[in-house]
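Structure first, commentary second.
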Amino acid sequence: MEPINKPTNVRQAIWWTIKCLLGLGSIRDGSICWFSRTFFDVHDYPLDKGGSGYPDHFFSHQCPSCNKSFFI
């Protein structure tokens, strides 16, 4: 398991928080995984949000970036 990316400064932490609250976060920059670990889970079914790309409801997904299991 790769370590979760962390913001390098306060400004980036604020930006990542805003991005995730607005639904614009991504696993590519690590913002989704960091926010989900720090506050509440925002992983979702799109590929850039950690899912398989298919809106499989009532199914447990696993994020390829942080290996966190999440349920939709």
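Things to note:
- The residues in the range 42-72 that are of a type in the set (Ser, Thr, Tyr) and either outside any loop (DSSP other than H, G, I, E, B) or within 21 Å of residue 16 (Cβ to Cβ) (or both) can be counted, and the count is 4.
- Hits in the range 17-49 (condition: in contact with a Phe, Trp or Tyr (Cβ under 7 Å, 6 or more places away or on another chain) and surrounded by 18 or more Cβ atoms within 10 Å (Cβ to Cβ)): 20, 25, 31, 34, 35, 42, 43
- Unmet criterion (only one of (1) assigned to a loop (DSSP other than H, G, I, E, B); (2) exposed (fewer than 12 other Cβ atoms within 10 Å of the Cβ); (3) not acidic (Asp, Glu)) for residue 5: (2)
- Among residues of the range 25-43 that are free of Cβ contacts under 8 Å to residues at least 12 places away in the same chain, those with a Cβ under 9 angstrom from a residue that is surrounded by fewer than 22 Cβ atoms within 10 Å (Cβ to Cβ) and among the aliphatic types (A, V, I, L, M), sequence gap 6+ or separate chain, pair up as 38/13.
Every number here is computed from the coordinates shown, using simple stated rules; none is lab data. Predicted model, so just to flag it, every value in this text is computed and none were measured. So basically every Cβ, Gly included, is an ideal-geometry build from the backbone, and we count neighbours across all protein chains shown.
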